[in-house]
Amino acid sequence: MEETRCIGCGSVIQSESPKKAGFVPSSKLNDENDDLICRRCFRLKNYNEILPLEITKDDYLKIIHEIAKTDSLIVKIIDIFDIEGSLIPQIQKITNYNDLIVVANKRDLLPKAVKDSKLIHHLKKILADNEVKPQHLYLMSALKNQNIDEIFEDILRYANNRDIYVVGATNVGKSTFINSLLKSYAGSKKDIITVSSLAGTTLDFIKIPIGKNFIIDTPGLVNENQITHYMSTEAIKVVTPKKEVKPMVFQLDPGQTLFFGALARVDFVSGDKTSFICYVSEFLKIHRTKLINADDFYHKHQKELLTPPFKEDQDFPLKMYQFNIKSNYKTDIVLPGLGFVTVLGSCQVKVYTRIKTVPYLREGLI
Ligand SMILES: Nc1nc2c(ncn2[C@@H]2O[C@H](COP(=O)(O)OP(=O)(O)OP(=O)(O)O)[C@@H](O)[C@H]2O)c(=O)[nH]1
Ligand SMILES: [Mg+2]
């Protein structure tokens, strides 16, 4: 008998183990199993209830290596709000150097004042630095349908009768993108594939016919550069903006510090009084303290006032990076996975982040 798959997450349907992927009680199975969804997808879609099921890096690689055997077009989605975390520099090797298109998603989260041309320039540089060489690079918002039509038409042209694999880190919006396409081009009225703010929603390939070929959704790579990899579900909700990030302005004197939950810290070490303009999720609390009190403040409050903390069981210390900003213009201090802080002019700062999320400077985007 041919195996039946869940249309929401791609898992093989089974009735033996409720705790494993693809579970449907045997009483719900019948002969017409075309649109079956598993219990986990049913609960996610209807109650937004999360039943965690992790896909390991080995599982992921086993699945994704199948792509290397094909002659196909790869559409790699990255998250504009966490470029480094969602970059996956090895992607071309993993997919055996099939043709590649990169799409930077979640454009709607960045302020409209950011110029697309600046953003593209910045993205191209990061891709080049990481030796990712796409044929094309696009900006989009899969959620708000920005640029979807143009991208889809171009993709179909590049695919030229090959299958299209949509790949990328977890939570970048791969499934949202495909749902959006299906609504525009295949007349589907609702979201077919399960989408959620939980990491690891899609568990296996989901093949959807378009013309004579397929567009294939894939599970996201759970990757160590993504800050969310180390955070609880609640904390992920706090750092993920729901709408365009708004500037939060702090007029700082040297000797002052900003804490971003217990996840990052920016010390204004020296320079003239200036504004630090923070672009982070509307749910992430920013606390201002005196630099001389900052260490004590952190140790005292990291598990309460400074929310969110990290996962309880992973007490990774903050790591310090020092920057000497010399500029007459605006500079962004990028806090990967959290957002960025814009400062005007020259100053010395110390920036603290956790795990493999290394802060860096770029020319101000705004
Ligand atoms: N603001 C914004 N949110 C988006 C956009 N696209 C997707 N999202 C949100 O990002 C989260 C993840 O979306 P999914 O489509 O499930 O991401 P995925 O890449 O398929 O994730 P996995 O299957 O877990 O690998 C959901 O909460 C989406 O609503 C976008 O363009 N803008
Ligand atoms: Mg998905």
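Scanning the stretch 198-223 for residues that are away from ligand 1 (no atom under 15 Å from the Cβ) and either buried (at least 20 other Cβ atoms within 10 Å of the Cβ) or assigned to a loop (DSSP other than H, G, I, E, B) (or both) gives Gly211, Lys212.
Considered as a group, the residues in the stretch 151-162 that are part of a helix (DSSP H, G or I) and not basic (Lys, Arg) include one that is nearest to ligand 1 (Cβ to nearest atom), and that residue is Ile151.
Every test in (1) over 27 Å from the mean Cα position of the chain (by Cα); (2) within 21 Å of Ile366 (Cα to Cα) is passed by Phe340 save one, and that test is (1). All conditions but one from (1) closer than 27 Å to Pro111 by Cβ; (2) polar (S, T, N, Q); (3) in contact (Cβ under 8 Å) with a residue 60 or more places away in the chain apply to Ser270; the one that does not is (1). All conditions but one from (1) exposed (fewer than 12 other Cβ atoms within 10 Å of the Cβ); (2) in contact (Cβ under 8 Å) with a residue 60 or more places away in the chain apply to Lys19; the one that does not is (2). Among the residues of the stretch 111-126, those identified as touching a residue at least 40 places away in the same chain (Cβ under 8 Å) and within 22 Å of Val166 (Cβ to Cβ) are Leu119, Leu123, Ile126. Whether a residue is within 16 Å of ligand 1 (Cβ to nearest atom), among the β-branched types (Val, Ile, Thr), over 14 Å from Asp217 (Cβ atoms) and in contact with a Ser or Thr (Cβ under 7 Å, 6 or more places away or on another chain) was assessed, and Ile148 passes this test.
Test Thr257 against the stated conditions and say whether it is buried (at least 18 other Cβ atoms within 10 Å of the Cβ) and within 16 Å of ligand 2 (Cβ to nearest atom).
Working: buried (at least 18 other Cβ atoms within 10 Å of the Cβ): yes; within 16 Å of ligand 2 (Cβ to nearest atom): no.
Spelling it out, it is not the case that Thr257 is buried (at least 18 other Cβ atoms within 10 Å of the Cβ) and within 16 Å of ligand 2 (Cβ to nearest atom).
Going residue by residue through the stretch 163-176, is there one that turns out to be away from ligand 2 (no atom under 16 Å from the Cβ), farther than 17 Å from Ile78 by Cβ and surrounded by fewer than 23 Cβ atoms within 10 Å (Cβ to Cβ)? So far as the stretch 163-176 goes, yes, one or more of its residues are away from ligand 2 (no atom under 16 Å from the Cβ), farther than 17 Å from Ile78 by Cβ and surrounded by fewer than 23 Cβ atoms within 10 Å (Cβ to Cβ).
Each value in this text was obtained by applying a stated rule to the coordinates, not by laboratory testing. Given the structure is predicted, the values throughout are model-derived calculations rather than measurements. Note that we place each Cβ from the backbone using ideal geometry, even for glycine, and neighbour counts take in every protein chain shown.
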